[in-house]
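Every number in this text was worked out from the coordinates using simple rules, so none of it is lab data. The structure displayed is predicted, hence computed values, not measured ones.
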């Protein structure tokens, strides 16, 4: 079928990995002749790349799917991503859905589009998590001056609260050589900053006998890349050698994202995490020793089964005493087919939200404190092409958000600035040098 007069719109929920994959899926549609339009526009095809990390993510996925049907009731609607893989039957029953595509086929959606006639019943193509074995190269392009580059997929950890291994399969990766070549290709398209993303990127090398440290060392030598950010790395995989290299590298930003998830050893054990609070604190201390101005973001889950009030208070004090920059907080959410459901001591939902809010307020204090410690320093900012009421924003290497008046000459450019103060929006004011 000729798709040259057809339009497609995309919606992406969830993680940076999803954004990189949506961009790759979109390019496959463009190769077939589709024109891409905004999700708010009336399109012939809507593709929703879903998330299922929490119950809230499931609800958002269902809401976005229904929005597509409202935008154009005659549109052909495709649902893919983690929600589609884990809850295919549920997704298929949503009114207007024509095609549900699981993990193995998400990059081959166009092969199912012989025509765009609405289906009487949703067509479903999924597989078991043991059958999810392929690695599909992906990177985001076109939305920002940064690109999310997928370097790894899947996870072997099977933490008790998490369904990601069921949605994405076991840990796997391509070769360092192939990623370096892809990074060079991204840089040639004018992208100045690359963010390495995956499910468990510190576990890189399972498929090829290589290591994540070897990967970042190889990427650091690519002259055409302006800046590299490292995505989330598990504490047990973030070695002193890796921190030392990042401290002295040419291109890797002083920006660490480390999932803690719980601030007590008791809850970490219930989660089947592979580290202790002692090890985590040692990692933070080593970063502050070697990279004093680094941004350190941390993931936390509030109200996991078995987390008593006393354990939460103990965890809060532990986190409060760490020199962190920001907390990414999620209330615990029950997930089907996870071992956490067998753990006694269920925390009421309202209490989970209360604990999450307390941690969010702590995060706001920590971020403000981190910004204040950097006022008066000089830094290099990459300005993004996002505009809002005559204002554009940019990010320092250590992930401080700055704002200035819109100037087209600044778009996608690195500029030296002095950090001067914090405005009412929480962004840092600057003076160009």
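Which whole-number percent is the relative contact order of region 370-433 (Cα, under 8 Å, 6+ apart)?
Details: 132 pairs, mean separation 22.2, N = 64.
Averaging sequence separation for qualifying contacts and normalising by length gives 35 percent for region 370-433.
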Measuring from centroid to centroid over Cα atoms, what is the spacing of region 96-142 and region 355-432 in Å? 38
Can you work out D for region 151-260 in µm² s⁻¹ from Stokes-Einstein, where Rh is the Kirkwood radius over C-alpha pairs, the temperature is 10 °C and the viscosity is 1.306 mPa s? 110
Let me have the relative contact order for region 212-264, percent, based on Cα pairs under 8 Å that are six or more residues apart. 44
Hey, could you pull the Cα Rg and Dmax for region 7-127, both in Å? 12.6, 36
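How big is the shadow of the Cα convex hull of region 56-163, averaged over all directions, in nm²?
Numbers: hull surface 34.0 nm².
If I average the Cα hull's projected area over directions, I get 8.5 nm².
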I'm a student and want to see the number: the projected area of the Cα convex hull of region 329-433, averaged over all directions, in nm². 9.6
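Can you tell me how much longer the chain between residue 353 and residue 214 gets when fully stretched, taken as 0.36 nm per residue apart minus their C-alpha distance, in nm with one decimal? Before the final figure, lay out the partial values.
Working: separation 139, 0.36 × 139 = 50.04 nm, distance 4.06 nm.
Difference between extended and current length: 46.0 nm.
Determine the equivalent ellipsoid of region 378-432 by diagonalising the alpha-carbon gyration tensor, then write out the semi-axes as square roots of 5 times the eigenvalues, largest first, rounded to whole Å. Can you show the working numbers first?
On the way: eigenvalues 45, 37, 17 Å².
Equivalent ellipsoid of region 378-432: 15, 14, 9 Å, largest first.
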Cα-Cα pairs of the chain separated by more than 42 Å (percent): 14
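What percent do you get for the relative contact order of the chain when only Cα pairs under 8 Å and 6+ apart count?
Values: 916 pairs, mean separation 42.8, N = 433.
Relative contact order comes out at 10 percent.
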Region 92-149 pair-distance distribution - Cα-Cα, 10 Å bins, rounded %: 19, 37, 31, 13, 0
For region 1-56, list log₁₀ I(q)/I(0) at each q in 0.16, 0.20 Å⁻¹, using the Debye formula over Cα point scatterers of equal strength and ignoring solvent, two decimals each. -0.50, -0.71
Where Rh is the Kirkwood radius over the Cα pairs of region 165-213, the temperature 10 °C and the viscosity 1.306 mPa s, what D in µm²/s does Stokes-Einstein return? 131
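Let me know the whole percent of all Cα-Cα pairs from region 214-302 that are separated by more than 20 Å.
Values: 1437 of 3916 pairs.
Summing the P(r) of region 214-302 above 20 Å gives 37 percent of all pairs.
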dims of region 146-374, Cα set, principal axes, largest to smallest, nearest Å -> 52, 42, 28
